[in-house]
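These notes are about the structure you will find just below.
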Amino acid sequence: MSTPTYKMEVKDLKLWYGDFQALHGLDLAIPEKKITAFIGPSGCGKSTFIKSLNRMNDLIETCRIEGTIELDGKNIYDHKTDVNQLRKKVGMVFQQPNPFPKSIYDNIAYGPRTHGIKNKKELDEIVERSLKQAAIWDEVKDYLDRNALSISGGQQQRICIARALAVGPEVLLMDEPTSALDPISTAKIEELVSDLKSEYTIVMVTHNMQQASRVSDETAFFLNGHIIEHGDTRKIFTNPDQEETENYISGRFG
């Protein structure tokens, strides 16, 4: 077996909001071009943790972080890190679809434009490629000038995924990307995510344990700001090492 390549490595990460410690000494290696799922009850630190992987927590004044998170061996919390470049490499898709109140085309072209791409032909190519990658091109190609807020929630979420892909990220963070969607849209996003892992490293927070077991290669179980267990998804779901993991997965709490 070949040794897995790790895209991101987290070492002794601690995070506070004011006096409240939300994360306690987390260690985690995230393998490249695989899907890593974070599961655990509400308020256990999953979303806080995923937001620290592209420094979204920088936007919270009371937030303080210790430890390191390395992307390709470089600490993203180093003072020399260009946060805009980091967020270009590590994209994010949120729980609620949040397209801009602009046309579908302008939603996708927004990121590339902010990174200096102005050429119309080049933007056209990026928009088409990103919408195809997000498995929504055929549904919207004839009305790219339509306001992105006028389409269904499931379509909006795929627009948001296309928008994240348009800047050419290497890692895609997804914070409960299907929790606001109906089962058919959820199935489409799950299929899409499985297709995308051939090109991207994906980290997904999910409340839905069936979803984690269906789509992820590795799973980390969070409880009270700690990672209780992390490993191969099949093993976590069929033969976990820790009693707390077993209790959560079998529905005894959470």
Return the subset of Lys46/Lys102; Lys11/Lys34; Lys11/Lys188 for which the Cα-Cα distance in this structure is over 26 Å, preserving the input order. Lys46/Lys102; Lys11/Lys188
Loop sites only, by DSSP: take the GluC sites (Glu not before Pro) in the chain that have at most 16 other C-beta atoms within 10 Å and name the longest stretch containing none of them. 62-198
Ellipsoid equivalent to the chain - semi-axes via the Cα gyration tensor, in Å: 30, 22, 17
Lys235 label point, 7 Å along Cα→Cβ, cut-off 12 Å on backbone N: hits in region 185-224? 218-219
Ranking request for peptides 73-81, 23-31: highest mean number of other beta-carbon atoms within 10 Å first, then the rest in descending order. 23-31, 73-81
How large is ³J(HN,Hα), in whole Hz, for each residue of region 81-97 in order, when computed from phi with the Karplus curve 6.51 cos²θ - 1.76 cosθ + 1.60 and θ = phi - 60°, using x for Gly and Pro? 5, 7, 5, 4, 5, 4, 6, 6, 6, 10, x, 9, 10, 9, 5, 8, x
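Readers should treat all values here as calculations from the given coordinates under stated rules, not as data from a laboratory. Here the structure is a predicted model, which is why all the values come from computation and not from measurement. Using ideal geometry, Cβ is built from the backbone for each residue, glycine included, and neighbour counts are taken over all protein chains shown.
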